[in-house]
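Presented below is the structure to which this report refers.
The values are calculated or read from the model by the stated rules, or taken from the named source; none is laboratory data. Just so we're clear, the structure is a prediction, and the values are computed from it rather than from any experiment. Heads up, the Cβs are rebuilt from the backbone with ideal geometry, glycines too, and the neighbour counts pull from every protein chain shown.
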Amino acid sequence: MRIEPSTARSLSQRLAVEQSTQRLPSIAAGIVRDGQLVWSDAIGAPDGRADGAATTTDTQYRIGSISKTFVAVEVMRLRDEGRLDLGDTIGTHLPEVPFPQVTIAQLLTHTSGLQAESNGQWWERSEGGPWADLMASAPALRSTPGTTFHYSNVGYAVLGELIARRRGKPWQDAVSAGILTPLGMTRTTTRPVEPAAPGLAVHPSADLLHLEPEHDAGAMAPAGQLWSTVQDLAIWAAFLGGQTRDVLARSSLTEMLQPIAVNDLAGAPWSGAHGLGWQMWNVAGRRFAGHGGSMPGFLATLRVDISSGDGVVLMTNATSGLGPATSELLDLFTEHEPIAPAPWRADQSQSAALDLTGLWFWGTYEFRLALGTDGELRLGTLGEGRGARFKPAGDGWTGMDGYYRGEPLRVERNDTGRPVRLVLASFVFTRTPYDDAAEVAGGLHPAGWH
């Protein structure tokens, strides 16, 4: 896809404004559509000096906690291979941990209750130690597992060790073999490979720089060790947008993108949540997924509109200062390059289930059933009450949304083949309220409607 030159100029202008007004040594960004990097640019010099070499979209930046998404996908790959279950307690696989009751799913969603940071020195600026040292420091639970959201870098160190045990190799080697190499992400590494930007801090009250340390975080590395480029992160954004290739089943990615743990701020309506390794945002009815990353000297973001697959990646080498460029770049792109809706077409396959359409009643509640694409049924209005979609499954359908997610729906017909009952999670839907032509649990009063 080729975007309009005016769109590219507007995006580059917005990126330049971010670099200048936010006083960032350098910044690089890209936009993804239909699985392709359709725009990218880089502004500034990695060393922050006026005479320094210009940054490019092939310059590496440390991506911090975006590293966690690779760890999470590798855990899901292990699940899909039958090597673990998300409901397993971590003590089943790592018996030495002092919190054996925590589940793998809780670690992925930051609901384990595990402490946020490791004990001892500030791990993000200190040379890391081995797994045995991390466990010897006795990381503790801060809340009852499964009861609240509490972001935990230590939790992803644990998941990194889980991968190492199940794969029989270091977590980074497993991620490289199973994810990076198949996707062609050759510039994503655990340590910087030139050209790479140095981590810098910008003085808040002066135009001065301070060099941040670069190190191996050891056992804590799965929480934020990886370095990447615009081109490589664009591939990862395309993956998140559905271009999973053979790395992960699409159904497993969909499972990862269900918001599970709300990142609740007291007194404020929530707009952010976490799924199985991915951050989620709900912005004016649009659902986004991705992750942010920060390490001393670096900030990075990856965000994808789940419905369209459009995504943005952005990296800068500053400890703080990044403004709203990430969301504004994506908004600017979609405003200038809107996606045309798919043309409507008749679907002859729907004729087989046409007799299911129309009104159904659960007690005295009215629901309208309509047919959707790919054999889906739509019962009621999605987002209202118990409205939900159902996908074909065997001889019936399975709920896809809300209250009925994962619940079976079965159609029962009379001797003439006419549908008379929908049985959904034991509830009975009939063509009229408490239809006397259909069996209703609990029976019907002999007087009927009176």
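Observations on the structure shown:
- Selection status of TRP449, surrounded by 17 or more Cβ atoms within 10 Å (Cβ to Cβ), over 27 Å from the mean Cα position of the chain (by Cα), farther than 30 Å from ASN282 by Cα and not basic (Lys, Arg): no
- Any chance ALA425 is among the small types (Gly, Ala, Ser), over 28 Å from the mean Cα position of the chain (by Cα) and closer than 30 Å to PRO259 by Cα: yes
- You will find that of ARG386, ARG421, ARG410, the residue that is surrounded by 12 or more Cβ atoms within 10 Å (Cβ to Cβ), assigned by TED's automatic domain parsing to the domain that holds LEU354 and in contact with a helix residue (DSSP H, G or I) (Cβ under 7 Å, 6 or more places away or on another chain) is ARG386 and no other.
- Members of the range 61-77 found to be crowded, with 24+ Cβ neighbours inside 10 Å and under 19 Å from VAL312 (Cβ atoms), listed by number: TYR61, ARG62, ILE63, GLY64, ILE66, SER67, LYS68, THR69, PHE70
- Neighbours by Cβ (under 7 Å, 6+ apart or cross-chain): first from the range 53-66, over 19 Å from ARG303 (Cα atoms) and in the same structural domain as GLN19 (by TED's automatic domain parsing); second hydroxyl-bearing (Ser, Thr, Tyr) and surrounded by 24 or more Cβ atoms within 10 Å (Cβ to Cβ): THR55/SER26; ASP58/THR229; THR59/THR229
- Being among the aromatic types (Phe, Trp, Tyr), part of a strand (DSSP E or B) and either closer than 19 Å to GLN350 by Cβ or not assigned by TED's automatic domain parsing to the domain that holds ILE260 (or both) holds for only one residue in TRP397, TRP449, and it is TRP397.
- Among residues of the range 55-78 being within 17 Å of the chain's Cα centre (by Cα) and among the charged types (D, E, K, R), the one that is farthest from GLU194 (Cα to Cα) is ARG77.
- Whichever residue in the range 433-446 is surrounded by 10 or more Cβ atoms within 10 Å (Cβ to Cβ) and under 19 Å from LEU409 (Cβ atoms) and, among such residues, is nearest to the chain's Cα centre (by Cα): VAL440
- Any strands (runs of 3 or more DSSP E) falling wholly within the range 236-322 and containing at least 2 residues that are within 25 Å of ALA105 (Cα to Cα), touching a strand residue (DSSP E or B) at 6+ places or on another chain (Cβ under 8 Å) and in the same structural domain as GLN19 (by TED's automatic domain parsing): 272-274, 279-283, 286-295, 298-305
- Just one of (1) under 30 Å from ILE306 (Cβ atoms); (2) surrounded by fewer than 24 Cβ atoms within 10 Å (Cβ to Cβ) fails for THR188. It is (2).
- Evaluation of TRP360 against (1) of a type outside the set (Val, Ile, Thr); (2) touching a residue at least 40 places away in the same chain (Cβ under 8 Å); (3) surrounded by fewer than 17 Cβ atoms within 10 Å (Cβ to Cβ) (one fails), failing number: (3)
- In the range 366-377, the residue that is nearest to ASP401 (Cα to Cα) out of those that are out of contact with any Leu (no Cβ under 7 Å at 6 or more places or on another chain) and surrounded by 13 or more Cβ atoms within 10 Å (Cβ to Cβ) is GLU376.
- From ARG2, ARG14, residue being among the basic types (Lys, Arg), surrounded by fewer than 24 Cβ atoms within 10 Å (Cβ to Cβ), in contact (Cβ under 8 Å) with a residue 24 or more places away in the chain and not in a loop (DSSP other than H, G, I, E, B): ARG14
- Restricting the range 146-192 to residues that are among the hydrophobic types (A, V, I, L, M, F, W, C) and touching a His at 6+ places or on another chain (Cβ under 6 Å), the residue that is modelled with the lowest pLDDT: PHE149
- Every pair of residues 6+ apart whose Cβ atoms lie under 9 Å, when the first sits in the range 204-219 and is without any contact (Cβ under 8 Å) to a residue 40 or more places away in the chain while the second is exposed (fewer than 11 other Cβ atoms within 10 Å of the Cβ) and part of a loop (DSSP other than H, G, I, E, B): HIS210/HIS203
The rows are residues; the columns are (1) among the basic types (Lys, Arg); (2) assigned by TED's automatic domain parsing to the domain that holds SER252; (3) out of contact with any Gly (no Cβ under 8 Å at 6 or more places or on another chain); (4) surrounded by 20 or more Cβ atoms within 10 Å (Cβ to Cβ).
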| position | (1), (2), (3), (4) |
| --- | --- |
| HIS93 | no, yes, yes, no |
| PRO100 | no, yes, no, no |
| GLN106 | no, yes, no, yes |
| THR109 | no, yes, no, yes |
| SER112 | no, yes, no, yes |
| SER118 | no, yes, yes, yes |
| GLN121 | no, yes, yes, no |
| GLU124 | no, yes, no, yes |
| GLY129 | no, yes, no, no |
